[in-house]
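A short worksheet on the structure shown next.
The values are calculated or read from the model by the stated rules, or taken from the named source; none is laboratory data. Note that this is a predicted model, so its numbers are computed, not measured. Cβ sites come from the backbone with ideal geometry, for glycine too, and all protein chains shown count toward neighbours. Keep in mind that these areas ignore ligands, DNA and RNA; they rest on the heavy atoms of the full protein, side chains included. Shrake-Rupley method; radii C 1.70, N 1.55, O 1.52, S 1.80 Å.
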Amino acid sequence: MNFEQYALVGSTVRSYLSWLKDNERIDVEFKDNTVYWCTRG
């Protein structure tokens, strides 16, 4: 994967996670300087 592909994939994943959080489908937790994305339920 080249740099452009890496940047595009990272941006896409972050956008999707943000959308899931905004629509209350997942939760986010910060622990020990790490981000944990968790499913709801």
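Before moving on, here are some points about what is shown:
- When you filter the GluC sites (Glu not before Pro) in the chain for DSSP loop state and at most 13 other Cβ atoms inside 10 Å of their Cβ, you are left with GLU24.
- Dividing the summed helix terms, -39500 (n - 2.57) for each DSSP H run of n ≥ 4, by the number of residues in the chain produces a 222 nm estimate of -17000 deg cm²/dmol to the nearest 500.
- The share of accessible area on the chain that comes from carbon and sulfur is 53 percent, using a 1.4 angstrom probe.
- Counting charges near ARG40 (Lys, Arg +1; Asp, Glu -1) among other residues having Cβ under 15 Å from its Cβ returns a value of -2.
- Note: relative contact order over the chain, using C-alpha pairs below 8 Å and six or more positions apart, is 24 percent.
- Relative to the dominant Cα principal axis of the chain, helix 3-22 is inclined by about 20°.
- In order along region 30-40, the Karplus-derived 3J(HN,Hα) couplings, from 6.51 cos²θ - 1.76 cosθ + 1.60 at θ = phi - 60°, round to 10, 9, 6, 6, 10, 9, 10, 9, 10, 6, 8 Hz, and Gly and Pro are given as x.
- For the chain, applying the loop criterion from DSSP together with a ceiling of 15 other beta carbons within 10 Å to the trypsin sites (Lys or Arg not before Pro) yields ARG25, ARG40.
- Where N is the number of residues in the chain, Cα Rg divided by 2.2 N^0.38 Å: 1.37
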